[in-house]
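Participant: Structure in structure tokens, see below.
The values are calculated or read from the model by the stated rules, or taken from the named source; none is laboratory data. Just so it is clear, the structure is predicted and the values come from calculations on it, not from any experiment. When we count neighbours, we look across all protein chains shown, and the Cβ atoms used for this are built from the backbone with ideal geometry, even at glycine. When the accessible area is computed, the model is the full protein with side chains, heavy atoms only, and any ligands, DNA or RNA have been set aside. Shrake-Rupley method; radii C 1.70, N 1.55, O 1.52, S 1.80 Å.
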Amino acid sequence: MKIVVLGGGLSPERDVSKKSASLIANALLGRGHEVCLVDLYEGSEQADPIEFRFGTDNLYSFEIPETEPDLKALIREHGGRKEWIGPDVIDICKKADVVFVGLHGSHGENGQLQAVLDAYGIKYTGCGYLGCAVAMDKDLSKSLILGKGLNTAKWFTAEGKDITYERIQKEIGIPCVVKPIGCGSSCGVSIVKTEEELTKAIEWANTYEQLILVEAFITGREITIGVVDGKPLPITEIIPHEGFYDYKNKYQAGLTTHVCPAEFSPELTKRGQDLAVEIFNTLRMSSYGRIDIMYQEETDSFWFIEANNLPGMTSTSLVPEAAKVMGIEYDVLCEKIALSALNEGTLEL
């Protein structure tokens with residue numbers, strides 16, 4: 001099978017995606033497929049005809065730096081080009097049997113890329129454009145979850161200039177969480193306890209040029225639940241060694257402990273998994289995804305945080321870890337996801 005793996009892109013999560021895409025490509029190569037790894041933004045500058053760019057013996061590697069990428073510098077390196085689909089990308093995708101979307105954030109996760117691929121009749125992995133758009137918009141997804149009568153932290157969404165410490169105290173309370181409305185990988189996320197911290201948090205969130213979501217800080221056990229083809233994976237509890245589950249703690253090995261399966265009773269496990277599936281379906285997600293939740297022991301309640309329609313596929317990522325607990329190795333999981341997109345069938349675990 002010829003497979004294009006799309007990674008990189010013009011997103012704050014570019015480096016996370018490059019790591020995911022490299023590992024996905026290697027896994028599929030190991031299963032005997034012809035693979036072409038393509039950066040969505042940079043495209044291909046190779047002189048070889050497209051049909052010769054699918055290899056069987058290439059190996060890819062990329063390590064995620066501690067800080068987010070400088071996208072403005074990347075644009076300058078490419079002559080100021082702001083078009084987010086690079087040269088030859090669509091043509092290469094047309095030559096593949098299926099496109100494995102290894103992107104995170106921005107155009108790769110908000111439904112725009114999926115709509116483009118749909119327009120060309122190109123088969124791809126992951127959620128369709130609608131599920132991507134709904135899940136990526138944190139304000140919209142929280143509104144839908146609240147409308148279903150499920151718990152989510154009190155919030156409001158506004159431009160940075162309209163967010164004041166007094167407004168937060170009145171409407172949300174302190175401490176609170178400040179984050180861009182449409183980013184993942186904890187990009188631009190801050191926990192705010194003081195007015196000075198709020199000023200810094202807004203300045204940082206504003207760099208992403210999006211509306212900002214401010215929500216109440218929910219204490220409890222941080223858990224995440226992968227959902228594959230409508231079925232839940234084992235629950236994972238996330239325990240950062242310091243601070244919260246930010247960009248550095250997510251992608252630098254050894255900074256966070258993942259407990260999978262989480263130490264919950266069978267009854268509590270089922271409640272959490274059922275909730276994750278309900279959220280997955282409510283947000284029109286499909287194929288595979290991950291739901292982030294807080295569990296409060298004192299109130300015995302689950303609280304929706306956010307949904308991930310293209311969850312990470314790195315060595316420290318949560319969906320592959322949970323699948324492995326079920327006996328599904330990483331390379332097999334990647335192949336199953338690719339085959340399900342090609343066959344438009346179910347992804348059996």
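Participant: Compute the relative contact order of the range 154-202 as a whole-number percentage, counting only Cα pairs closer than 8 Å that sit 6 or more residues apart in sequence.
Facilitator: So the answer I get is 31 percent.
Participant: Let me ask something else. Can you give the FRET efficiency to the nearest 0.05 for H241 and R167, using r as the Cβ-Cβ distance and R₀ = 22 Å? The partial results should precede the final answer.
Facilitator: Details: r = 34 Å, r/R0 = 1.53.
Efficiency computed from Cβ-Cβ geometry: 0.05.
Participant: Would you please classify the overall shape of the range 145-208 from the alpha carbon gyration tensor, given that a ≥ b ≥ c denote the square roots of the eigenvalues, rounded means a/c under 1.5, and beyond that prolate means a/b larger than b/c while oblate covers the rest? The partial results should precede the final answer.
Facilitator: Details: a/c = 1.87, a/b = 1.25, b/c = 1.49.
Since a/c reaches 1.5 but b/c is at least a/b, the shape of the range 145-208 is classed as oblate.
Participant: Still on this structure: Using Cα centres only, tell me the gap between the range 96-127 and the range 153-173 in whole Å.
Facilitator: Comparing the Cα centres of the range 96-127 and the range 153-173, I get a distance of 34 Å.
Participant: Here is the link list: K72/K179; K148/K324; K142/K270; K123/K231. Which ones come out longer than 30 Å on Cα distance?
Facilitator: Details: K72/K179 21 Å; K148/K324 32 Å; K142/K270 22 Å; K123/K231 22 Å.
The answer is K148/K324.
Participant: Sequence neighbours fewer than 8 away in the same chain don't count; with that in mind, list the aspartates and glutamates whose C-alpha is under 16 Å from K336.
Facilitator: Cα-Cα hits under 16 Å: E34, D97, D229, E321, E344, E348.
Participant: With both bridge residues required to lie in the chain, what share of the DSSP beta bridges run antiparallel, to the nearest 5%?
Facilitator: Numbers: 37 of 49 bridges.
Beta bridges within the chain, antiparallel portion: roughly 75 percent.
Participant: Mind grabbing the accessible area of W204 for me, 1.4 Å probe, Å², rounded to tens?
Facilitator: 90 Å²
Participant: Then there is this: As a test of the formula, what do you get for the chain when each DSSP H run with n ≥ 4 contributes -39,500 (n - 2.57) and the sum is divided by the residue count, at 222 nm and rounded to the nearest 500 deg cm²/dmol?
Facilitator: -10500 deg cm²/dmol
Participant: Taking Cα pairs under 8 Å and at least six residues apart, what relative contact order does the range 173-232 come out at, in percent?
Facilitator: Values: 78 pairs, mean separation 22.6, N = 60.
Answer for the range 173-232 is 38 percent.
Participant: Let me know the shape class of the range 1-127, please: from the alpha-carbon gyration tensor, a ≥ b ≥ c as square roots of the eigenvalues, rounded when a/c is under 1.5, otherwise prolate if a/b is greater than b/c, or oblate. Don't jump to the answer; show the numbers that get you there.
Facilitator: On the way: a/c = 1.44, a/b = 1.27, b/c = 1.14.
Because its axes are fairly even, with a/c under 1.5, the range 1-127 counts as rounded.
Participant: Continuing with the same structure: If you wrap a convex hull around the C-alpha atoms of the range 112-189 and split its volume per residue, what is the figure in Å³? The partial results should precede the final answer.
Facilitator: Details: hull volume 9.8 nm³, N = 78.
Hull volume over Cα atoms, normalised by residue count, gives 126 Å³.
Participant: Next question, about the same structure. Using only protein heavy atoms and a 1.4 Å probe, report how much of M326 is accessible, in Å² to the nearest 10.
Facilitator: 90 Å²
Participant: Here's a follow-up. Let me check something: with ligands and nucleic acids excluded, how do D97, D57, D39 order by accessible area (1.4 Å probe), largest to smallest?
Facilitator: Working: D97 70, D57 130, D39 20 Å².
Putting D97, D57, D39 in descending order of accessible area: D57, D97, D39.
Participant: Under 10 Å from the Cβ of P234, count the other residues' Cβ atoms, weight Lys and Arg +1, Asp and Glu -1, and hand me the total. Don't jump to the answer; show the numbers that get you there.
Facilitator: Details: positive: K324; negative: E321.
Charge balance in the 10 Å sphere: 0.
Participant: Which order do the peptides 64-75, 331-342, 105-116, 85-96 come out in when sorted by mean C-beta neighbours inside 10 angstrom, highest first? The partial results should precede the final answer.
Facilitator: On the way: 64-75: 14.2, 331-342: 20.6, 105-116: 22.4, 85-96: 18.0.
Highest mean packing first, the order is 105-116, 331-342, 85-96, 64-75.
Participant: Something else about it: What is the set of long-range amide H partners of E306 at a cut-off below 5 Å, with H atoms built 1.01 Å from backbone N?
Facilitator: D292
Participant: K123 accessible area, nearest 10 Å², 1.4 Å probe?
Facilitator: Approximately 80 Å² of K123 is accessible to the 1.4 Å probe.
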